[in-house]
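Following: one structure in structure tokens, then a few remarks.
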Amino acid sequence: MASYQNKLIIGFLRISKAMLFDRERHINDHRRMLERVARILRVPKGVSYRHVVCDGIPAEWITPVQLKNDVTILYFHGGGYAMGSIDSHRHLITHLAIETGSKVLAINYRLAPENPFPSGIEDAVTSYKWLLKQGRKPSKIVICGDSAGAGLTITALITLRDEGIPLPAAGICISPWTDLTASGESVKTHVKKDPLIDPKSLEKWAKMYTDEENFAHHLVSPLHAELKGLPPLLVHVGDAEILLDDSVRFVENARKAGVEVDFEIWKEMIHVWHFYGGLLPEAKQAIKKIAEYIKTKTEN
């Protein structure tokens, strides 16, 4: 059974959804509201922050005071490709840095609609190449992202593979958005379960990101991509998400292509519940699971 904190968060999201995701609002309003909500969540102590520019891309090193290893986590925030930032996801990323004992490089990739597809992918790939130029070993790098950021994680890996660039030790996908055509059955069947996302919102974000005729493009919807040769993946998704089938079908395709995938469906969890670290016991548990996975993939 899910925690009482989970029920409280779901109730808050149901009440505030109209304010946060009113489809008639301008995208800048959505961005401001996300940043305000994020400030409610307490950022834990025990890390340092340092701004850096990765070949033109604004980024930040988030380093735990108790640095335990030489692993680097490259993090891509979520937000439908149109909103979100390092600041909006600082609490999630900070919890991840502390739990793993690893340095995290979080980037502010360019957002749609001002910078549509493939701008975000270009920035994701550039930031990884920048890490390599800094002397970071691929075997000690893990790429991680949530929602649209998890989509970027996958498409960046595909692009790096196709370019012949040495791939990281693993990729981690939290509630990934893998199908902008919204063809998954859960997009219809889980509408009442999901307190945050609805089909119309998905359509709005998708149309900001790219033209409708591109929705099935393999670098827009990696559900349709050739996945052979990707590194090991960890996928977390909640069974109360309308994007549940985005993960289920993607994992099926990845495994058919010979990709090693650890797949966890969390009962009664909502989209990117990891976001509520510090408030939600299940968020703490999920981040701990990610830390354990990273350790197993980077021990060599």
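The values are calculated or read from the model by the stated rules, or taken from the named source; none is laboratory data. Computed from a predicted model, the values in this text were never measured in an experiment. Backbone-built Cβ (ideal geometry, glycine too); neighbour counts: all protein chains shown.
Observations
- Pairing each residue of region 33-45 that is farther than 12 Å from T94 by Cβ and in contact (Cβ under 8 Å) with a residue 24 or more places away in the chain with any residue that is in a helix (DSSP H, G or I) and of a type in the set (D, E, K, R), provided the two are 6+ apart or on different chains, yields no C-beta distance under 7 Å.
- Of everything in region 232-261 that is acidic (D, E) and part of a helix (DSSP H, G or I), the residue that is nearest to T189 (Cα to Cα) is D245.
- Of the residues making up region 1-41, those that are at pLDDT 85 or above and either part of a loop (DSSP other than H, G, I, E, B) or among the polar types (S, T, N, Q) (or both) number 9.
- Residue in region 288-295 that is modelled with pLDDT of 95 or more, farther than 30 Å from F12 by Cβ and surrounded by fewer than 21 Cβ atoms within 10 Å (Cβ to Cβ) present: yes
- Restricting V187, V220, V251 to those that are crowded, with 20+ Cβ neighbours inside 10 Å, out of contact with any helix residue (DSSP H, G or I) (no Cβ under 8 Å at 6 or more places or on another chain) and either within 25 Å of S88 (Cβ to Cβ) or in contact (Cβ under 8 Å) with a residue 12 or more places away in the chain (or both) reduces the list to V251.
- A182 within 23 Å of D262 (Cα to Cα), assigned to a loop (DSSP other than H, G, I, E, B), out of contact with any Gly (no Cβ under 9 Å at 6 or more places or on another chain) and at pLDDT 95 or above: no
- Close pairs (7 angstrom Cβ cut-off, 6 or more residues apart or separate chains): at pLDDT 95 or above in region 117-141, part of a loop (DSSP other than H, G, I, E, B) and basic (K, R) anywhere: S119/R110; G120/R110; D123/R110
- Inter-residue pairs, beta-carbon under 9 Å, first on the phi > 0 side of the Ramachandran plot and in region 99-111, second assigned to a strand (DSSP E or B) and surrounded by fewer than 24 Cβ atoms within 10 Å (Cβ to Cβ), 6+ apart: G101/P64
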